[in-house]
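Take a look at the structure set out below.
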Amino acid sequence: MNPQEVTKESEKLSYQCDICKKFLSSKGNLTIHKRIHAGGKQYHCDICGKPFMVKSNLTRHKYIHSEEKPYFCDICGKSFTQKDSLTYHKSIHTGEKPYHCNICGKSFSQKSNLTTHKAIHTGEKPYHCDICGKSFVQRQHLTTHEFTHNNERPYQCDICGKSFSQKCHFTHHKYTHTREKPYN
């Protein structure tokens, strides 16, 4: 990628934090970012107490405490806790990838994956750990990282009681009880 392409991409980050001088892509993202400096995690999970800066993140988090999966795929019957997860899942059946990177041309089935991909070109890591300052390209990577600081293991096996900090590790563990080999 040439320097002009990097400049075009970085021009989209036009909102600057007056505290740390970081550039963000929207006024809303700047407002959320500034809460980091104020220590403002004002939303707390009433089940486990985990704090969140954004209410929608708290709402999404609460699904890990329940088995509720109200969104069903009409093609294969798989169920999901979030509507956007179902939408993404359906693209697996159709193969549709409508989101294209204007820098390298790579295509994605989800807009959020394109946004994450673009950070490769810009070097932006907008998600910061409030405890150690480490930065991440994806919010989920930050969330997973935060578990290392508080030893949170929200995914518990109802068969043996073993707990996991990441859903993917929990899902893989469940196969030890069924003897299934899902990756063959």
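Does Lys55 satisfy the criteria of being under 20 Å from the mean Cα position of the chain (by Cα), among the basic types (Lys, Arg), exposed (fewer than 15 other Cβ atoms within 10 Å of the Cβ) and under 28 Å from Gly95 (Cα atoms)? No, not satisfied.
If you filter the range 81-100 down to residues that are in contact with a helix residue (DSSP H, G or I) (Cβ under 8 Å, 6 or more places away or on another chain) and crowded, with 16+ Cβ neighbours inside 10 Å, you find that the one that is farthest from Glu68 (Cα to Cα) is Tyr99. Within the range 108-138, the residues that satisfy the criterion of being in contact with a Cys (Cβ under 8 Å, 6 or more places away or on another chain) and in contact (Cβ under 8 Å) with a residue 40 or more places away in the chain are Lys118, His121. Mind checking which helices (runs of 4 or more DSSP H) fall wholly inside the range 39-122 and carry at least 1 residues that are touching an Asp or Glu at 6+ places or on another chain (Cβ under 7 Å)? Counting at least 1 such residues, we get 111-122.
Readers should treat all values here as calculations from the given coordinates under stated rules, not as data from a laboratory. This one's a predicted model, so the numbers in the text were calculated from it and none came from an experiment. All Cβ positions, even for glycine, are placed from backbone atoms using ideal geometry, and neighbour counts span all protein chains on display.
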